[in-house]
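Just below is one structure, and these are the notes that go with it.
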Amino acid sequence: ERCGGYCMMAFYEIEPMEDVISLDNSLINFMKTSAWVINFRDDNPEIITEDLDFFRKKHISFVIPLFSGESLEGFVILGRSIKANEVYIYEDYDLMKTIARQASLAIMHQRLSERASQAREIEAVGNVAAFVMHDLKNLISNLSLIVENAARYIHNPDFQQDMLASLANTVGRMQKLIGKLKNLREGDV
């Protein structure tokens, strides 16, 4: 999704590749329909010559599809064979497919963990927003009451003293709220 096709996301003992394999590439279509491990020493007429040339230039021996359900999520490529004349039997291919299923499950687990983490973060933001809204609502109610009573009692010295004390209290509570929000932003809470 990030590169508009299939691109290298990780590598081990192989040269990194900047190439992007398009979603409609014959190799991708072949893996989607067959779900087979591709050995480039085999005769694969379904895969067009450009793909074979590309993988041979990169010294790639095998391509193992990674599926999530029916969806092709990606593939694992294996580089140059250690033993050039080695013969592979069905058990070798089954082992590669089993490892690919394990890799697919690990990728799916990672994605689910990321989604769960994002959901927890969203929930935390919602909780903070509810807390802030509750405090702001109380502060606004206090200020609203002062404004409402000021029209009638502004000339009363006792009211003026109470009003100043209430305003000072409200300002103090607002400063505390801002302090709590600042601590949240800095991760101190």
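Summary table
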read-out	value
20 Å Cα-Cα reach of LYS32 towards lysines, excluding residues that sit fewer than 8 places from it in its own chain	LYS97
Two-decimal log10 I(q)/I(0) for the range 87-189, as the Debye equation yields it once each C-alpha is a single scatterer, q = 0.16, 0.21 Å⁻¹	-0.85, -1.06
Apportionment of accessible area to carbon and sulfur, the range 111-178, percent (1.4 Å)	61 percent
Cα gyration tensor shape of the range 1-57, rounded if a/c is under 1.5, else prolate or oblate by comparing a/b with b/c	oblate
Prolate/oblate/rounded label for the chain (Cα gyration tensor, a/c 1.5)	prolate
Rounded to the nearest 20 debye, dipole of the range 39-143 from Cβ charges on Lys, Arg, Asp, Glu	400 debye
Accessible area (Å², per residue) of the range 1-144, counting only protein heavy atoms and a probe of 1.4 Å	72 Å²
GLU123 accessible area, 1.4 Å probe, all protein chains in place, Å² to nearest 10	120 Å²
Degrees between helix 90-153 axis and first principal axis of the chain (Cα, 0 to 90, nearest 10)	10 degrees
Charge-dipole axis of the chain as Lys and Arg at +1 and Asp and Glu at -1 on Cβ define it, positive-most pick from LEU136, ALA116, SER34	LEU136
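The values are calculated or read from the model by the stated rules, or taken from the named source; none is laboratory data. Being a predicted model, the structure only gives us computed values, none of them experimental. Ideal geometry is used to build each Cβ from the backbone, glycine not excepted, and the neighbour counts take in all protein chains shown. With ligands, DNA and RNA removed, areas are computed over all heavy atoms of the protein, side chains included. Shrake-Rupley method; radii C 1.70, N 1.55, O 1.52, S 1.80 Å.
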